[in-house]
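Peer 1: The structure follows.
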Amino acid sequence: MNFLEEKILADCRVHEGNVLKVDNFLNHQIDIDIMRQIAHEFKRRFKGKQVTKVLTIEASGIAIATLLADMYDVPVVFAKKGATVNCTDDKYMAQAYSFTHKKMNNVFVSRPYLTKDEKVLIVDDFLADGEASMALIDIVHQAGGEVVGIGIAIEKGQQGGGKRLRDAGYHLESLAIVESMDYDTQTVIFRQQ
């Protein structure tokens, strides 16, 4: 069992509807020590990969992406989920269905921040059906860049997003893969890695 699986077992709650609540350390309140360990582990797992940008989607992946990008000494880019007054039409756009929010999001990255020939490492806090990762991959491809890897803190193995990405040939590294969870017993079972 790794550090993240131990932290999940110690601090998570399983909610009805296949929802794993880790907001007390990963995606609402942030435990910097855990984020640092996640970033170090991704750097180890993607050793030898050339990375020019770390890409995530707002908002929960930003903390992981920032610490990891610092280790690579490259910029972080995060795809925005909604247009703002100061955004331009000069952007790459894709759609991603949010399992958590149960809605379709238009996500975008302004063109100047992702250019051709980029070597992009995608990171996020969760992987369920793979929609967010696929949207980010689409954006990288629109820019003419290359996805060199995908790092996920927690993969919900029973939802198939990981299989989808691996079957498509992407180098996917998930630090904790939840095989099953049970609301009534508050148990979480991890896939052996």
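Peer 1: Any residue in the stretch 169-188 that's in contact (Cβ under 8 Å) with a residue 24 or more places away in the chain and of a type in the set (S, T, N, Q): show its pairings with residues that are in a strand (DSSP E or B) and open to solvent by less than 50 Å² (accessible area, probe 1.4 Å) at Cβ separation under 7 Å, as long as the two are six or more apart or on different chains.
Peer 2: Pairs found: Ser174/Leu127; Ser174/Ile152; Ser174/Glu155; Gln186/Val14; Thr187/Met181.
Peer 1: Then there's this: Taking Glu131 as the residue in question, decide whether it is open to solvent by 50 Å² or more (accessible area, probe 1.4 Å) and farther than 15 Å from Ile57 by Cβ.
Peer 2: No.
Peer 1: With the structure loaded, tell me whether Gly151 is at pLDDT below 90 and either assigned to a strand (DSSP E or B) or over 15 Å from the mean Cα position of the chain (by Cα) (or both) or whether it fails that test.
Peer 2: No.
Peer 1: Could you give every pair whose Cβ atoms fall below 7 Å, whose first residue belongs to the stretch 121-150 and is polar (S, T, N, Q), and whose second residue is open to solvent by 10 Å² or more (accessible area, probe 1.4 Å) and part of a strand (DSSP E or B), counting only separations of at least 6 or pairs across chains?
Peer 2: Ser133/Asp124; Gln142/Tyr92
Peer 1: Mind listing whichever residues of the stretch 157-171 are open to solvent by less than 30 Å² (accessible area, probe 1.4 Å) and in contact with a Leu (Cβ under 7 Å, 6 or more places away or on another chain)?
Peer 2: Once the filter is applied, which keeps residues that are open to solvent by less than 30 Å² (accessible area, probe 1.4 Å) and in contact with a Leu (Cβ under 7 Å, 6 or more places away or on another chain), the stretch 157-171 yields Gly161, Gly162, Leu165.
Peer 1: Something else: In the stretch 69-126, which residue that is closer than 27 Å to Arg36 by Cα and among the polar types (S, T, N, Q) is modelled with the highest pLDDT?
Peer 2: Filtering the stretch 69-126 for residues that are closer than 27 Å to Arg36 by Cα and among the polar types (S, T, N, Q), the one modelled with the highest pLDDT comes out as Ser98.
Peer 1: Mind checking which strands (runs of 3 or more DSSP E) fall wholly inside the stretch 1-100 and carry at least 1 residues that are crowded, with 20+ Cβ neighbours inside 10 Å and small (Gly, Ala, Ser)?
Peer 2: 76-79, 91-98
Peer 1: Please tell me if Phe108 is of a type in the set (Phe, Trp, Tyr) and within 26 Å of Ile8 (Cβ to Cβ).
Peer 2: no
Peer 1: It is to be established whether one or more residues within the stretch 107-128 are under 15 Å from the mean Cα position of the chain (by Cα), part of a helix (DSSP H, G or I) and among the acidic types (Asp, Glu).
Peer 2: No - not one qualifying residue is present in the stretch 107-128.
The values are calculated or read from the model by the stated rules, or taken from the named source; none is laboratory data. Predicted, not measured: the structure shown is a model, and the values here were computed from it. With ideal geometry, Cβ positions are generated from the backbone for all residues, glycine too; neighbour counts draw on all protein chains shown. The area values use the complete protein model at the heavy-atom level, side chains included, leaving out ligands, DNA and RNA. Shrake-Rupley method; radii C 1.70, N 1.55, O 1.52, S 1.80 Å.
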